[in-house]
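What follows is a short report on a single structure.
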Amino acid sequence: MHSISAFARRVGLTPSALRFYDDCGVLAPARVDPLTGYRYYSDDQVERAVHLRGLRAAGVPLADVTAVLDGSPGTAREVLTLHAERLRAESDAAHAALGALLRGLPPSGPVRVRVGGPELASAVRQVVPAAARDGEFPELRCVLVELADAQVRLVATDRYRLAVRELRPLAADGGPAELLVPSGALVTAAAWATRRPEVTIEAGPDPCLRADGEAHPLPGADGVFPAYREMLRTLDAPVHRVLTGRAALRDALAGRVRSVLLDVRADELVVGDVTLPAVCAGPVRIAFDPAVLGAALEAGVGPDVLLEIAAPDRPVVVRSADQGSFTTLVMPVALPGKDRP
């Protein structure tokens, strides 16, 4: 038998923690002296105490600790899996909140990020179609440009679709910072950048692109861009995946002015009256505004497109195997005979 102090040293817990776990009924001593009240522990309790220490170090709530220690392996696995998912969600939320706070602070000095000119122009061409053309919210007619050490991110949305393109900087100085640039002005800047091998995006009092001693202005806009990170973070896991030819699907949508039904079947995708070969995990029926889905396909890269569908009334992720740095979300419309989601 070990005294509480000796046992605490052996298993890596404090005596006060052992008293607390005894009071909670999680780890009772093997024997308590009826006269002195001293607690004594046996060698058989070492493994349980070490597991308990590990669970607490992982932040497992005490209410769940007993289920892990005393339950079946299946129960323990389920409890720990749920705890890991909870930690991941809390971590993601904390990172998002801190990121928003950092981006909201004024830069401590000039923020400069160097990227390839043609690459920047390509990214602009991909995301701009997702920006709104009109409407009462001017920020939706803009592209959000986020600058950081690890990446440059361009984001646009009209609330029915969301386009995100990431670029890896060649060099970065300062940051993070963000710019809200009207889409038309950014298209003009992209045309200027495409003729230069490298350009520097500069955030500050007078945002601009710089290259070869020349500067091209990036006029800013007022407004608060939608919290797109929260939208991406809360996306439902895909239930159905459809891999088909990008150009063929785009052509099947061409000329259609009303909502079009996509009927996902085994190894084929039926688009209106057109049947396309596809690799499918379905079945599912989902409808789109052909102009909205068509624009997302037009902005893609490569011969194939992957549609990740969670439900017929949830945003659909449109991806390309040829360019993982570009993601588009497209909102479906109501299926025939149903209200719009």
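The values are calculated or read from the model by the stated rules, or taken from the named source; none is laboratory data. All of these numbers come straight from a predicted model, not from anything done at the bench. Every residue, glycine among them, receives a Cβ derived from its backbone with ideal geometry; neighbour counts consider all protein chains shown. The accessibility values were calculated without ligands, DNA or RNA, using every heavy atom of the protein model including side chains. Shrake-Rupley method; radii C 1.70, N 1.55, O 1.52, S 1.80 Å.
How big is D for segment 90-195, in µm² s⁻¹ as a whole number, if Stokes-Einstein is applied with the Kirkwood radius of its Cα pairs at 25 °C and 0.890 mPa s?
The diffusion coefficient I find is 170 µm²/s.
If I model a spin label as a point 7 Å beyond the Cα along the Cα-Cβ vector, how far apart are those points for ARG258 and THR188 in nm?
4.2 nm
With every protein chain left in place, what is the accessible area per residue of segment 240-341 in square angstrom, probe 1.4 Å?
Ligands and nucleic acids excluded, the result is 47 Å² per residue.
Of LEU101, LEU293, LEU18, which has the largest mean-square fluctuation in a 10 Å C-alpha GNM of the chain?
Evaluated over the chain, the most mobile residue of the options is LEU18.
At ARG48 and ASP173, where each label point lies 7 Å from the Cα along Cα→Cβ, what is the point-to-point distance in nanometres?
The modelled label-to-label distance comes out at 6.3 nm.
Which FRET efficiency value, to the nearest 0.05, do you get for LEU276 and ALA93 by plugging their Cβ-Cβ distance into 1/(1 + (r/R0)^6) with R0 = 41 Å? Don't skip to the answer; put the middle values down first.
Working: r = 40 Å, r/R0 = 0.96.
The pair LEU276/ALA93 has a calculated efficiency of 0.55.
Let me have the 222 nm mean residue ellipticity of the chain computed from DSSP H runs of 4+ only, each contributing -39500 (n - 2.57), with the sum over all residues rounded to the nearest 500.
Calculated from helices alone, the mean residue ellipticity at 222 nm is -10500 deg cm²/dmol.
May I ask you to give the percent of accessible area on the chain that is carbon plus sulfur, with a probe radius of 1.4 Å?
Heavy-atom surface of the chain belonging to carbon and sulfur, 1.4 Å probe: 54 percent.
If you build a Gaussian network model of the chain, linking Cα atoms that sit under 10 Å apart, which residue out of PHE326, PHE225, PHE20 swings the most?
Judging by the Gaussian network model, the answer is PHE20.
Report the FRET efficiency, 1/(1 + (r/R0)^6), for ALA150 and ASP206, where r is their Cβ-Cβ distance and R0 is 35 Å, rounded to 0.05.
Using R0 = 35 Å, I get an efficiency of 0.90.
Quick one: Kirkwood hydrodynamic radius for segment 30-77, alpha-carbon pairs, angstrom, one decimal?
12.3 Å
Once you have the alpha carbon radius of gyration of segment 1-81, what is it after dividing by 2.2 N^0.38 Å, with N set to its residue count? Show your work: numbers first, answer last.
Details: Rg = 13.0 Å, N = 81, 2.2 N^0.38 = 11.7 Å.
Taking the Cα Rg and dividing by 2.2 N^0.38 Å, one obtains 1.11.
I'd like the distance between the alpha-carbon centres of segment 1-15 and segment 203-238, rounded to an integer number of Å.
Spelled out, the Cα-based centre of one part sits 56 Å from the other.
Per-residue accessible area for GLU47 at 1.4 Å probe radius, Å² rounded to 10?
120 Å²
Select one label from (i) 22.2, 81; (ii) 21.9, 75; (iii) 28.0, 91: the one whose number is Rg and Dmax of the Cα atoms in Å as derived from the coordinates shown.
(iii)
Measure off 7 Å from each Cα along the Cα-to-Cβ vector at ALA67 and SER325, then give the distance between these two points in nanometres to one decimal.
For the pair ALA67/SER325, the computed spacing is 4.3 nm.
Kirkwood hydrodynamic radius (Cα pairs, Å) of segment 192-314? All intermediate terms of the calculation are to be shown ahead of the outcome.
Details: mean 1/r = 0.0569 Å⁻¹.
Final number for the Kirkwood radius of segment 192-314 is 17.6 Å.
Select from ASP263, ASP212, ASP43 the residue whose mean-square fluctuation is largest in a Gaussian network model of the chain (Cα-Cα springs shorter than 10 Å).
Highest fluctuation among the options: ASP43.
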